[in-house]
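Down below is the structure, laid out as structure tokens.
The values are calculated or read from the model by the stated rules, or taken from the named source; none is laboratory data. These numbers come from a predicted model, not from an experiment. Every residue, glycine as well, gets a Cβ built from its backbone with ideal geometry; the counts of neighbours run over all protein chains shown. Each accessible area value is taken on the protein alone, full model and side chains, heavy atoms only, with ligands, DNA and RNA left out. Shrake-Rupley method; radii C 1.70, N 1.55, O 1.52, S 1.80 Å.
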Amino acid sequence: MSLLVVGLSHRSAPVSVLERASLSADSQAKLLQDTLAAEPAVEAAVLATCNRIELYADVDKFHAGVAELSTLLAQHSGVGLDELTPYLYVHYEDRAVHHLFSVACGLDSMVVGEGQILGQIKDALALGQELHTAGRLLNDLFQQALRVGKRAHSETGIDRAGQSLVTFGLEQLADGRDPVAWAKGKRALVIGAGSMSSLAAATLARTGVAEIVVANRTRARADRLVEILNQAGGSGVAAHAVEMAAVSDELTRADVVVSCTGATGLVLSAEAVAGALGLDPAPAYEAPAAPVAAPPVEPDEQHAAWVENGSATATAQARAVRRIPAQSTGPVRLALLDLAMPRDIDGGAARLDGVRLVDIESLAEASADAPMAADVDQVRSIVADEVAAFGAAQRAAHVAPTVVALRTMAAGVVAGEIARLDGRLPDLDEKQRAEISQTVRRVVDKLLHAPTVRVKQLASEPGGAGYADALRELFDLDPQTVAAVSRADLNDPNRGRS
């Protein structure tokens, strides 16, 4: 196993960089295809959410893999490599497994313990399977990550520590008040009908808003979300869909707006918000300053810097360039929650009188000091155990094709000797021939049992990969035969499907 992950997240990079580096669905697919076309990688998967972009690959060379994956991330994100490099982190082999399992449990989320990341990991696996870029290692890894995440949520109280980003955002909009009391009777406008927007609409319905209006570029998806909301029993919310062209009119009647689309530009300008409230336009929003590009470094130094990223230095850099729009004071007439990456709502809207804006950037600031639940330590213990078990299983699986090839060779030897015996003793009856055949097979099985069981045990231990090579040398096994067994296992249509 040579698992490598190169990425950036809210922990290593300012939201302004994450926003510019966000990947569309088409960009993710192209990134995976180009990663496989690159020499060091034989498998690839991309995990792209509103607060992280990570590229996973099975590589045969570490340094070449880091350089290639980093370059590809820069190319497809549109952020220059020199600018992106200070915010990249690198994890390799067991550390990469530990990272993904921690992510799956919500330990690395902006809101600790949130469960939405599991759906995003499942989507990342599905894309890799659809494009045939996820092979045996990444299928096993992502499937196990999903199981570990579910185990953490079922066996611990991590859910009490965390919540969905939507719930956390609504709590920030409520500004210390009970979100249910705050939302009761309000009219909500939800822009977008994807997974995050759907979660937002469902959360608003449970919170107690009186009405939800859904606007989406594709009207059919908005209609479908409204149908689901209206079918949900007991919420008492009235829901209907509108065209995107009607957003300006709906904005004049809304109390709460939640936006999460895949748009590459702004969906709501400060001018549009000001117009809906009958206000003068807000002062121009000063976007966060671009980070200073890192000075050129030699490749080995660059790799070392990447490996160490995610450190206090990277975090300090991220916080240094993070800039939250100043909020207006006074009674709130319109609450805006922007969960999109890149942002949907102009940050300048926060300066308008009577407007409160919460976005990914301000959520990152608010969550930085959120208290950790006692259950987090238990989840960390689960992750450590699961990482060890996964590594042992992968190392044991590495030797399995060699064991299968050995037993196949032994079966061939037995079959050849039985055929030779038939030629030399043609007068044996069927019962005698069967007894002799069974005896020879038992002898071979007993001779092979101890070494094959022991080599599997040894291979599961750290540094045990060499035992498969030793077995091939000792029994003079054909490497092509072993490779054929591996390919047959990899091409099993039932393997690794989510």
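Brief remarks follow.
- Separation of the SER27 and ASP60 label points, Cα + 7 Å toward Cβ, nm: 3.1 nm
- Label-point separation, ARG219 to ARG147 (7 Å along Cα→Cβ), nm: 4.7 nm
- FRET E, pair ALA388, LEU131, Förster distance 30 Å, beta-carbon r, rounded to 0.05: 0.45
- A straight Cα-to-Cα reach below 20 Å connects LYS30 with the lysines LYS122, residues fewer than 8 places away in its own chain not being considered.
- Accessible area expressed per residue, region 388-462, with surrounding protein chains retained (probe 1.4 Å, Å²): 62 Å²
- Take region 3-103 with all the other protein chains still there, run a 1.4 Å probe, and you get 31 Å² of accessible area per residue.
- Straight-line reach from LYS184: taking Cα to Cα under 23 Å and skipping same-chain neighbours fewer than 8 places apart, no lysines fall in range.
- Kirkwood Rh (inverse of mean 1/r, distinct Cα pairs), region 99-149, angstrom: 10.9 Å
- Computed FRET value (nearest 0.05) for GLN75 with VAL444, which takes r as the C-beta separation and R₀ as 60 Å: 0.65
- Here each label is just a point 7 Å from Cα along the line to Cβ, and for ILE418 and SER437 those points are 0.4 nm apart.
- Computed extension gain for GLU93 through GLU243, at 0.36 nm per residue and net of the alpha carbon distance, reaches 49.2 nm.
- Kirkwood radius, region 51-131, all distinct C-alpha pairs, inverse of mean reciprocal distance: 14.1 Å.
- The phi-based Karplus calculation (6.51 cos²θ - 1.76 cosθ + 1.60; θ = phi - 60°) puts the 3J(HN,Hα) values of region 425-439 at 10, x, 8, 5, 7, 4, 5, 5, 4, 5, 5, 5, 4, 5, 5 Hz, whole numbers, x for Gly and Pro.
- Centre separation in Å (Cα based) which lies between region 208-279 and region 371-435: 57 Å
- Set of aspartates and glutamates with alpha-carbon distance to LYS446 below 20 Å, sequence-local pairs under 8 removed: GLU417, GLU435, ASP476
- Note on GLN457 and ARG206: the extension gain reaches 85.2 nm, defined as 0.36 nm multiplied by sequence separation minus the Cα-Cα distance.
- Carbon/sulfur fraction of accessible area - region 26-152, other protein chains in place, 1.4 Å, %: 48 percent
- Computed Rg/Rh of region 61-207, alpha carbon atoms with Kirkwood Rh: 1.04
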